[in-house]
Amino acid sequence: MFTIPDLEQLQAEHPEWQMELVDGNILLMGPSDYESDEIGIEFARQLANWVRLQRLGRVTGSSAGFILPTLETENGKEADNEKRNLRAPDVSFVRADRLKTSKRDFVELVPDLMVEIKSKSDRIKPLVEKIQLFLQLGCTVGILIDPDKLTLTVYRLNQEPILLQDNDKLTLADLLPGWELIVSEIWPPVFE
């Protein structure tokens, strides 16, 4: 069973590896396919441009690690800190009032918004499970982008997912007042 200090040591030895710690297991994350990464960058760019101008918070990409709180165990006690998970969504947003200063380390909080982009080798079920975990731990909104189906699905705790596509507009008024994203704008352009 691995801990966060174990993961930090492995990262120091292998800085080129991207890893997550899930239930005591270290997961090596393979590189994303080109299209998925381009979609993630475009989503993050549009979000970060708005967030920065409005001074609403911080936007990060897939390398930013979040040390997640533990869910209570059946007997009501929290699992010990050594068993905490460290996860990295593809895109994250944290409100300014929750993270006033950027950190040179992993942050111990759950982002307000997390986005997962399905890569060519990903399966949907584990991505949805990751989003649901973040929501259970306090994330306000989770988004799954599926380039294969050209869809964006918005998840909130205890609500039905909302499927967006084509020229549908994503708005998150409670988190990002005034921001909107037309779904079709995140797909990579085709150059003639």
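The values are calculated or read from the model by the stated rules, or taken from the named source; none is laboratory data. Quantities reported herein were computed from a predicted structural model and do not represent experimental measurements. Here Cβ is always computed from backbone atoms with ideal geometry, including for glycine, and neighbour counts include all displayed protein chains.
Annotations for the structure displayed:
- Checking residue 118 against (1) in contact with a Pro (Cβ under 8 Å, 6 or more places away or on another chain); (2) more than 22 Å from residue 162 (Cα to Cα), the condition it does not meet: (2)
- Spans of strands (runs of 3 or more DSSP E) in the stretch 119-192 with at least 1 residues of a type in the set (D, E, K, R): 141-146, 169-171, 180-182
- For residue 110, the requirement of being aliphatic (A, V, I, L, M), surrounded by 15 or more Cβ atoms within 10 Å (Cβ to Cβ) and either more than 21 Å from residue 8 (Cα to Cα) or modelled with pLDDT under 95 (or both) is not met.
- Residues that are assigned to a helix (DSSP H, G or I), free of Cβ contacts under 8 Å to residues at least 40 places away in the same chain and of a type in the set (D, E, K, R) do occur in the stretch 12-20.
- Residue 157 exposed (fewer than 15 other Cβ atoms within 10 Å of the Cβ) and closer than 17 Å to residue 110 by Cβ: yes
- Selection of the stretch 32-59 for residues being free of Cβ contacts under 8 Å to residues at least 60 places away in the same chain and in contact with a helix residue (DSSP H, G or I) (Cβ under 8 Å, 6 or more places away or on another chain) yields 57, 58, 59.
- Among residues of the stretch 11-38 being small (Gly, Ala, Ser) and either modelled with pLDDT of 85 or more or farther than 13 Å from residue 121 by Cα (or both), the one that is nearest to the chain's Cα centre (by Cα) is 36.
- Residue 125 being of a type in the set (Lys, Arg) and at pLDDT 95 or above: yes
- Of residues in the stretch 141-154 being farther than 18 Å from residue 61 by Cα and in contact with a strand residue (DSSP E or B) (Cβ under 9 Å, 6 or more places away or on another chain), the one surrounded by the most Cβ atoms within 10 Å (Cβ to Cβ): 153
- Verdict on residue 26 being in contact with a strand residue (DSSP E or B) (Cβ under 6 Å, 6 or more places away or on another chain), of a type in the set (Val, Ile, Thr) and either surrounded by 13 or more Cβ atoms within 10 Å (Cβ to Cβ) or assigned to a strand (DSSP E or B) (or both): yes
- Only a single criterion out of (1) farther than 19 Å from residue 63 by Cβ; (2) surrounded by 13 or more Cβ atoms within 10 Å (Cβ to Cβ) is not satisfied by residue 167, namely (2).
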